[in-house]
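What follows is one structure encoded as structure tokens, with my remarks underneath.
The values are calculated or read from the model by the stated rules, or taken from the named source; none is laboratory data. None of the values given here were measured: they were computed from a predicted structure. In this analysis, Cβ positions are derived from the backbone assuming ideal geometry, glycine residues included, and neighbour counts consider all displayed protein chains.
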Amino acid sequence: MRIIGMDSIETKVVDSLRYSRKHPDFNTINNEVDKQLKLLYKLGYIEAYLKEINQSSDSTFLAQINLKNKFSKVRLYNIHLVNLQLLRPLIINKSDDYFEVAISNLETVLQLVNQDITASGQPFAVVQLQNLIPLDNNIITAYLDIEQNAKRTLDSIIIKGYEKFPKSFLKHQLKLNKNSVFNLERIKKQTANLQNINFANQIKEPEVLFTKDSTILYVYIEKSKVNNFDGFLGFGTNEDTNKIEFDGYLNLNLINNLNYGETLKLLYKSDENEQRTFDVVVRMPYLFKSPIGITGNLNIFRRDSTFLSTTQTLKLDYQIDVKNRFSAGISSLRSDNLLSNTSLFFEDFKSNFYIAEYQHTAPQFYDFLFPVNFYVDISAGIGKRTVSNSDLNQSFLRLNTFKIFNLNERNSIYVRLDGATLISDNYFENELFRFGGINSIRGFEENSLLANLYSVLNTEYRYRLSNALYVHTVLDAAYSENNISNSKDKLFGFGFGFGLLTNAGLFKFNYSSAKTENQQFRLSDSKIHISLTSQF
């Protein structure tokens, strides 16, 4: 088949469309001609029409199109129902009664007008052009005909699959509310936020049932298993006794077991320095269906027979959106000196702080090995420390953040920064920050490092061998200041490891060695850390 115009100039225009010339039957020839006419309309040949199709030979057809005049602009009337601000970038000229746009942008204008009306709660609105009349050889006029319907609102939201999905998450995290203006595109974006909620998955796209007097939204959700049990076993050689010593911890996270979106975290840790940690966190989101939640924390730390510290924290949480949360509350710390003799470095004291915290979490739950891509937790507090009825003003700042840079499907780089500072005129050893170990700078014993200011940089190059196995390097660096001992240290950790996703959970192995700035690397100081995180 060949398509020609009324003369060589028109034929050249048609040829520029690069239409398909080979067709199996006459129906596909007609379809191809209709397709090319629509393209010509978009180019401004509004009056173009098919004059005739003739069979020039047994296997060849010749279609002739009359292009007529080419218009460059269209003038649209009846614009009082149109959001002109939305179309402003496309408008060439306007008055109180009409506006003009390039004819090449006409389809875009109609789509934007339709989307704007649909977003206002009229999904069945129809936008079309009527009375197309040439004004001159350059401009064609037309009337915008907008067939409107009654505005629709969401009368009911029905959850399918996970019927006990917490309704507060619908309202405050997904922003889906009954009696809100119906907008299907916005609803799809809101339900897509289910991918940022770890205890639920969207099974398929939401569906809408329209009846004569109601609009019902169906959201398809399934409950995910996100409870996890985490533990590790570490062992190394004691420098004094040359004997192998063991340390480890147990970490239990229970999430949404009551179908309320609640979180219970329980941690017990025992390490080779005869240190014991018990930590429990309870978070209840959206109290009384409000955007406000509450978080309580109890932390008990005992260091051999030296001291015992108990910290209690209570915060109110405001969930800004799916990824961002702001908290404010109070924290109380009591530390008791267990030494039989008094010490300048250990003292009984109480501390009370007003605290504020911000958290941002960008998950990638589709990746079972690395479910969180970006995380930020920054907190600050001001308060005072009380010793024997003597008060001292103090403040602190903490930062914990990490980011995974995905280079491609197999290669990624993990970077984490953890740091804190306690600002005070003087310090006791039992109020200093404790760091070091598998969740801090690797290669050092758990909580063996004390500082009133520290920062730790963890880096890993990760190579994914499969969807269930990856290997990685360990390269850590840290800086710390301890004003009690007047020391400033630079610390380093080196090593390697791997992670394996098994039926029992995620198994991790780390082999790392540590050194300080003025200390030589010694293989005997190496640490092996093994952990297993199991979901249920």
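Numerical summary
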{"quantity": "Flag for H23 being touching a helix residue (DSSP H, G or I) at 6+ places or on another chain (Cβ under 9 Å) and either at pLDDT below 85 or in a loop (DSSP other than H, G, I, E, B) (or both)", "calculated": "yes"}
{"quantity": "Residue identified as in the same structural domain as E274 (by TED's automatic domain parsing), hydrophobic (A, V, I, L, M, F, W, C) and surrounded by fewer than 18 Cβ atoms within 10 Å (Cβ to Cβ) among L491, L449, L501, L453", "calculated": "L501"}
{"quantity": "Unmet criterion (only one of (1) within 18 Å of R434 (Cα to Cα); (2) at pLDDT below 95) for Q319", "calculated": "(1)"}
{"quantity": "Residue ID - surrounded by the most Cβ atoms within 10 Å (Cβ to Cβ), chosen from residues in region 239-269 that are touching a Gly at 6+ places or on another chain (Cβ under 8 Å) and at pLDDT below 80", "calculated": "D247"}
{"quantity": "Residues that are closer than 14 Å to I53 by Cβ and within 53 Å of the chain's Cα centre (by Cα), drawn from region 2-20", "calculated": "I3, V14, Y19"}
{"quantity": "Subset of region 473-525 [among the polar types (S, T, N, Q) and part of a loop (DSSP other than H, G, I, E, B)]", "calculated": "N483, S485, N486, N503, N518, Q519, Q520"}
{"quantity": "Identity of the residue in region 282-329, among the small types (G, A, S) and crowded, with 17+ Cβ neighbours inside 10 Å, that ends up farthest from G261 (Cα to Cα)", "calculated": "S309"}
{"quantity": "Matching residues in region 185-216 - criterion: being in contact (Cβ under 8 Å) with a residue 24 or more places away in the chain, closer than 16 Å to L174 by Cα and loosely packed, with under 14 Cβ neighbours inside 10 Å", "calculated": "E185, I203"}
